[in-house]
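Trainee: First the structure, then my questions, so here it is.
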Amino acid sequence: MTHPRTVVVAATATGRDLAVDLARHLGADLADGRPRDAIAASWSRADALVLVVAVGAATRLVAPHLTDKHADPAVVCVDDAGRFAVPLVGGHEGGANALAERIASHLDATPVVTTASEAAGWPSLGELGARTGLRAEGDLATVGGHLLGGGAVRVVRDAAWPLGPLPFATTDDPSAPLLHLTDRIAATPGPVPTVRYRPPSLVVGVGASRGVSAQEVGDLVDTALADAGLSPAAVHTVATVDAKADEVGLLEAVADRGWPVVCLPAEQLAATPVPNPSDVVRAAVGTPSVAEAAALHLGGDLVVEKRRTAMATVAIARRPARGRLVLVSLGPGAEDLVTPRARAELADAEVVIGYGPYVDQAAAFTRRGVRLERFGLGEEVARAERAVALARAGHAVALVGSGDVGVYAMASPTLERVGDDVDVSVVPGVTAALAASALLGAPFGHDHCSISLSTLLTPWEAIEPRIEAAAASDLAIAFYNPRSRGRDWQLAEARRILLRHRPPTTPVGVVRDAERPDQEVVLTTLGDLDVDQVQMTTVVLIGTSISRVVAGRIVTPRGYAGDATAEVPA
Ligand code: SAH
């Protein structure tokens with residue numbers, strides 16, 4: 001599609017190279033001369049201007065020409081580096097939003113769309129599904145423009161790969177533009193504008209004789225995909241046998257198509273049952289099948305049985321859809337202690353699960369279209385099981401927790417329940433102990449540990465010797481779960497044990513609700529620590545025998561002997 005009468009204008013030499021490329025891509029005219037003159041000359045005859053000019057300068061340049069939004073051309077600014085496409089005027093009526101979307105998808109840039117209906121932080125259609133390896137193809141500009149204009153789309157998925165939250169209206173109307181998640185080429189013919197999402201679903205098994213040409217392998221694979229109606233963009237991996245790890249023609253054909261290769265040991269392939277085994281192949285490479293066995297080893301079902309040319313074989317398997325489970329740490333509470341990685345994962349989650357208040361906190365980073373599932377205190381197993389079940393069903397799930405999700409939190413009960421049929425990742429966070437440590441100064445400047453005083457899942461007989469050992473070895477200690485309703489004696493007991501090893505003057509910090517609105521930081525000593533004042537959402541930090549208070553802050557020196565800072569760069 002060519003945007004009608006588009007003119008591309010550049011201000012600098014670098015911008016000029018980009019402008020040449022954009023003009024070619026858009027089928028647009030490239031203006032010569034100074035931007036001021038080029039804009040004046042094109043304003044009334046062009047439907048759209050693409051200015052490779054800074055937004056500030058572009059604003060000044062177009063200002064004298066502006067009349068009204070129905071008559072003015074669309075204006076899109078692109079920075080010299082091609083990182084952003086900014087619709088400046090004519091977003092809806094002029095089509096600048098859609099044009100920016102189209103430019104962004106060509107340059108792999110970010111469209112900076114500021115008109116009201118898009119302000120909710122929509123991803124571009126190209127960004128949807130990117131985290132799970134889905135690739136968008138097709139009419140991105142038209143469908144993107146339709147969405148930006150407030151239209152609805154029909155969504156069809158052949159398999160449940162996670163696409164991410166859909167922040168726009170969807171419809172069952174077959175005449176609406178279509179988002180189709182499919183690895184099949186001709187799956188969605190018809191007149192409606194269509195964006196196809198290609199899941200990484202296909203595994204292509206390849207076998208070859210020594211000296212095969214890249215052409216022969218490439219043609220065989222291309223034809224096998226085409227005859228089966230499968231998209232090359234859905235190829236996840238090419239798999240072969242170890243012995244072909246240096247087969248030049250095979251590697252070249254695969255590299256030309258941008259696919260990763262895995263080489264599998266012959267014994268592993270021999271153990272995979274296949275429909276078309278061959279004694280000749282067994283004699284040559286030690287497995288009765290290479291192509292079919294390799295495809296099946298990584299894939300699910302064989303969709304193309306072995307096909308061959310004189311020197312190559314191919315078979316194709318389809319992997320089952322894989323959901324995604326991300327364990328996201330939210331930090332102690334403050335919004336600016338949520339890491340950018342955690343934010344990005346939350347933005348891509350289709351479902352966010354967790355203890356109610358944490359889900360509320362996470363909601364700030366999610367996109368429209370997300371589903372929030374809040375659980376009560378103590379429902380850890382139910383939370384974990386729900387998250388795993390949804391991910392198995394092909395969703396993009398974020399399970400959230402405070403501090404670090406792996407520290408006295410949801411990561412362990414969840415990872416105990418998840419197999420290798422789901423893609424899992426864990427996003428680390430700032431723990432309560434680290435947040436408290438920062439508020440107190442530098443209590444953890446030397447060796448330190450965390451001990452939970454909760455006897456809910458751990459008997460006191462297991463906890464007590466740890467306190468004893470930590471106290472005896474002069475570790476700084478963060479006590480988690482120091483107290484809860486109906487459980488109030490453990491901290492007093494811990495203090496008693498510590499006083500047997502450390503002086504009553506040892507610095508102690510009591511930090512309640514670190515980085516939350518009710519934050520309270522109390523600096524005291526082991527002797528003066530009033531255990532009855534300590535509450536549930538509190539960590540208690542105990543200094544070592546060499547910790548001291550400097551200007552109201554706990555400092556634990558880096559070593560015991562003099563000034564030991566020289567050993568390690570600070
Ligand atoms: N995953 C969390 C710990 C959960 S266990 C982390 O990494 O920090 C719950 C205990 O953590 C609470 O009883 C309390 O001891 C401590 N805690 C959690 N958040 C806190 C905060 N903001 N301030 C102080 N202590 C906190």
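The values are calculated or read from the model by the stated rules, or taken from the named source; none is laboratory data. All figures in this text were calculated on a predicted structure; none of them were measured in a lab. Using ideal geometry, Cβ is built from the backbone for each residue, glycine included, and neighbour counts are taken over all protein chains shown.
Trainee: Identify the single condition in (1) part of a helix (DSSP H, G or I); (2) of a type in the set (D, E); (3) at pLDDT below 95 that D563 does not satisfy, given that it satisfies every other one.
Mentor: Only one criterion is unmet by D563, namely (1).
Trainee: Cβ contacts < 7 Å: first residue in contact (Cβ under 8 Å) with a residue 40 or more places away in the chain, restricted to segment 461-489; second residue of a type in the set (K, R) and assigned to a helix (DSSP H, G or I), any location; separation 6+ or different chain. Result?
Mentor: Sorted first by the residue in segment 461-489, then by its partner, the list stays empty.
Trainee: For G486, only one of the following conditions fails: (1) surrounded by fewer than 16 Cβ atoms within 10 Å (Cβ to Cβ); (2) more than 12 Å from the ligand (Cβ to nearest atom); (3) at negative phi. What is its number?
Mentor: Going through the list (1) surrounded by fewer than 16 Cβ atoms within 10 Å (Cβ to Cβ); (2) more than 12 Å from the ligand (Cβ to nearest atom); (3) at negative phi, G486 breaks only (3).
Trainee: Looking at V248, is it buried (at least 22 other Cβ atoms within 10 Å of the Cβ) and of a type outside the set (S, T, Y)?
Mentor: Considered against the rule, which asks whether it is buried (at least 22 other Cβ atoms within 10 Å of the Cβ) and of a type outside the set (S, T, Y), V248 comes out as no.
Trainee: Pick out the one residue from L330, L390, L372, L399 that is away from the ligand (no atom under 16 Å from the Cβ) and buried (at least 21 other Cβ atoms within 10 Å of the Cβ).
Mentor: Only one candidate qualifies: L390.
Trainee: Report yes if A462 is surrounded by 16 or more Cβ atoms within 10 Å (Cβ to Cβ) and not basic (K, R), otherwise no.
Mentor: Criteria not met by A462.
Trainee: Can you pull out every residue in segment 515-540 that is over 34 Å from the mean Cα position of the chain (by Cα), within 11 Å of the ligand (Cβ to nearest atom) and not β-branched (V, I, T)?
Mentor: Answer for segment 515-540, where residues must be over 34 Å from the mean Cα position of the chain (by Cα), within 11 Å of the ligand (Cβ to nearest atom) and not β-branched (V, I, T): E520, Q535.
Trainee: Right, next: From A384, A409, A398, which residue is assigned to a helix (DSSP H, G or I) and farther than 30 Å from V241 by Cα?
Mentor: Of A384, A409, A398, the one residue that is assigned to a helix (DSSP H, G or I) and farther than 30 Å from V241 by Cα is A384.
Trainee: Let me ask something else about it. Looking only at segment 30-58, count every residue that is touching a Gly at 6+ places or on another chain (Cβ under 9 Å), in a loop (DSSP other than H, G, I, E, B) and over 21 Å from G144 (Cβ atoms) and tell me the total.
Mentor: Of the residues in segment 30-58, 1 are touching a Gly at 6+ places or on another chain (Cβ under 9 Å), in a loop (DSSP other than H, G, I, E, B) and over 21 Å from G144 (Cβ atoms).
Trainee: For segment 496-514: of the residues being within 16 Å of the ligand (Cβ to nearest atom) and surrounded by 21 or more Cβ atoms within 10 Å (Cβ to Cβ), which is nearest to the chain's Cα centre (by Cα)?
Mentor: Among those residues, the one meeting the criterion is A514.
Trainee: Out of L99, L61, I need the residue that is hydrophobic (A, V, I, L, M, F, W, C), touching a residue at least 40 places away in the same chain (Cβ under 8 Å) and assigned to a helix (DSSP H, G or I). Which one?
Mentor: One residue alone meets the criteria, L99.
Trainee: Output yes when any residue across segment 43-51 is in contact (Cβ under 8 Å) with a residue 40 or more places away in the chain and among the hydroxyl-bearing types (S, T, Y), and no when none is.
Mentor: no
Trainee: Let me ask something additional. Being out of contact with any His (no Cβ under 8 Å at 6 or more places or on another chain) and among the aliphatic types (A, V, I, L, M) is the filter here, so list the residues in segment 350-384 that pass it.
Mentor: V352, I353, V359, A362, A363, A364, V370, L372, L377, V381, A382, A384
Trainee: Just a yes or no: is a residue in segment 463-483 modelled with pLDDT under 95 and either within 16 Å of the ligand (Cβ to nearest atom) or not small (G, A, S) (or both)?
Mentor: Yes, segment 463-483 contains a residue that is modelled with pLDDT under 95 and either within 16 Å of the ligand (Cβ to nearest atom) or not small (G, A, S) (or both).
Trainee: Taking segment 212-243, which residues are closer than 17 Å to V280 by Cβ and over 34 Å from the mean Cα position of the chain (by Cα)?
Mentor: Answer for segment 212-243, where residues must be closer than 17 Å to V280 by Cβ and over 34 Å from the mean Cα position of the chain (by Cα): V212, A243.
Yes/no per residue for (1) assigned to a loop (DSSP other than H, G, I, E, B); (2) closer than 25 Å to A561 by Cα:
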{"site": "V426", "(1), (2)": "no, no"}
{"site": "G429", "(1), (2)": "yes, no"}
{"site": "H446", "(1), (2)": "yes, yes"}
{"site": "R466", "(1), (2)": "no, no"}
{"site": "A470", "(1), (2)": "no, yes"}
{"site": "E515", "(1), (2)": "yes, no"}
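Trainee: Of all residues in segment 402-461, which are of a type in the set (D, E) and within 13 Å of the ligand (Cβ to nearest atom)?
Mentor: Once the filter is applied, which keeps residues that are of a type in the set (D, E) and within 13 Å of the ligand (Cβ to nearest atom), segment 402-461 yields only D404.
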